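Below: the structure, in structure tokens.
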Amino acid sequence: MLIISEHADIQTPTGEMRTYIHRPKNTSKVPVILFYSEIFQQTGPIERAAKIIASHGYAVLVPEVFHELNPIGTILEYDDAGREKGNADKAAKNVEGYDSDNVAMIEWAKKQNWCNNNFGAMGFCIGGHLAFRAALNKNIKSTACFYATDLHTNTIPNEPGQHSMEKLKDIQGELLMIWGKQDNHVPTDARNQIHQQLLSTDILFSWHEFNAQHAFMRDEGDRYDAELATICYQLSLRMFARTLY
């Protein structure tokens, strides 16, 4: 499917948020996927991943997740300086900002003539957590979380009662949780903790662990696993097709 790419500067309660849109070129109404990047924002690998999803018949919105803290268009490098800056932004952003960003994107998308009013979410690394956070919104029908960081900690956010895992009762849609067994950011004990918390709920979810390192979906660097990436795209697309069309 041919796609087009554009951007919109969406107004949020915490300022203007540059959002990149990748969607089918045809004029049909399609579901919308809120796609959350790593701490580096829309890098080449994130843009390519978003376009893969878009090419299967979805409007994919990639927000600049730290828009309050950076000039519009900021993309961080996959190096120590970029990692340090991204982690500092992650620590600095107030959690309510993520929630209001989600509301702003959803309300903006509903006004577009290509939106069929069905919404999903997807994300890698911190973006996996932000996709999980988006699932707290009642509009989100299904969510694919890839090696979501900080679900097992109190760092995003650190306000009592506001951590994502403390708000599981708000999740109404389906979850797809994907992990790498060799991920040092989310080790075995942490994955087991998250898994057990989900099992204690009525949330419809599936859980997949692969022999892979953190960021195995990123198509740059020596951690990329193309075979697993293909499998995981298929898992995500099967869920989105079943829940959003």
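Tabulated data for the structure shown
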{"read-out": "Residue satisfying condition, being farther than 23 Å from residue 217 by Cβ, charged (D, E, K, R), surrounded by fewer than 20 Cβ atoms within 10 Å (Cβ to Cβ) and in contact with a Lys or Arg (Cβ under 8 Å, 6 or more places away or on another chain), within set 202, 99", "value": "99"}
{"read-out": "So residue 118, is it surrounded by fewer than 20 Cβ atoms within 10 Å (Cβ to Cβ) and either out of contact with any strand residue (DSSP E or B) (no Cβ under 6 Å at 6 or more places or on another chain) or of a type outside the set (Ser, Thr, Tyr) (or both)", "value": "yes"}
{"read-out": "Any hit, the stretch 55-62, residues being crowded, with 23+ Cβ neighbours inside 10 Å and aromatic (Phe, Trp, Tyr)", "value": "yes"}
{"read-out": "Scope the stretch 211-245; condition touching a helix residue (DSSP H, G or I) at 6+ places or on another chain (Cβ under 7 Å) and crowded, with 19+ Cβ neighbours inside 10 Å; matching residues", "value": "212, 216, 217, 218"}
{"read-out": "Qualifying positions in the stretch 41-52 - surrounded by 23 or more Cβ atoms within 10 Å (Cβ to Cβ) and touching a Leu at 6+ places or on another chain (Cβ under 9 Å)", "value": "41, 50"}
{"read-out": "Residues being closer than 25 Å to residue 245 by Cα and of a type in the set (Phe, Trp, Tyr) - total across the stretch 47-102", "value": "1"}
{"read-out": "Subset of the stretch 177-209 [over 18 Å from residue 142 (Cα atoms) and over 19 Å from the mean Cα position of the chain (by Cα)]", "value": "181, 182, 184, 187, 188, 189, 190, 192, 193, 196, 197, 200"}
{"read-out": "Residue 212 modelled with pLDDT of 95 or more, touching a His at 6+ places or on another chain (Cβ under 7 Å) and within 23 Å of residue 83 (Cα to Cα)", "value": "no"}
{"read-out": "Hits in the stretch 143-163 - residues which are surrounded by fewer than 15 Cβ atoms within 10 Å (Cβ to Cβ) and either at pLDDT 95 or above or of a type in the set (Phe, Trp, Tyr) (or both)", "value": "none"}
{"read-out": "Test: residue in the stretch 174-194 that is surrounded by 16 or more Cβ atoms within 10 Å (Cβ to Cβ), out of contact with any His (no Cβ under 9 Å at 6 or more places or on another chain) and at pLDDT 95 or above", "value": "yes"}
{"read-out": "Residue in the stretch 6-15 that is part of a strand (DSSP E or B), surrounded by fewer than 24 Cβ atoms within 10 Å (Cβ to Cβ) and within 17 Å of the chain's Cα centre (by Cα) present", "value": "no"}
{"read-out": "Search result, residues across the stretch 71-111 that are over 25 Å from residue 238 (Cα atoms) and of a type in the set (S, T, N, Q)", "value": "74, 87, 94, 100"}
{"read-out": "Check on residue 68, more than 22 Å from residue 147 (Cβ to Cβ), surrounded by 15 or more Cβ atoms within 10 Å (Cβ to Cβ) and more than 14 Å from the chain's Cα centre (by Cα)", "value": "yes"}
{"read-out": "Answer residue from the stretch 16-38, given it is free of Cβ contacts under 8 Å to residues at least 60 places away in the same chain and within 18 Å of the chain's Cα centre (by Cα) and is surrounded by the fewest Cβ atoms within 10 Å (Cβ to Cβ) among those", "value": "18"}
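The values are calculated or read from the model by the stated rules, or taken from the named source; none is laboratory data. All values derive from a computational prediction rather than experimental measurement. We place every Cβ from the backbone using ideal geometry, glycine too, and count neighbours over all the protein chains shown.
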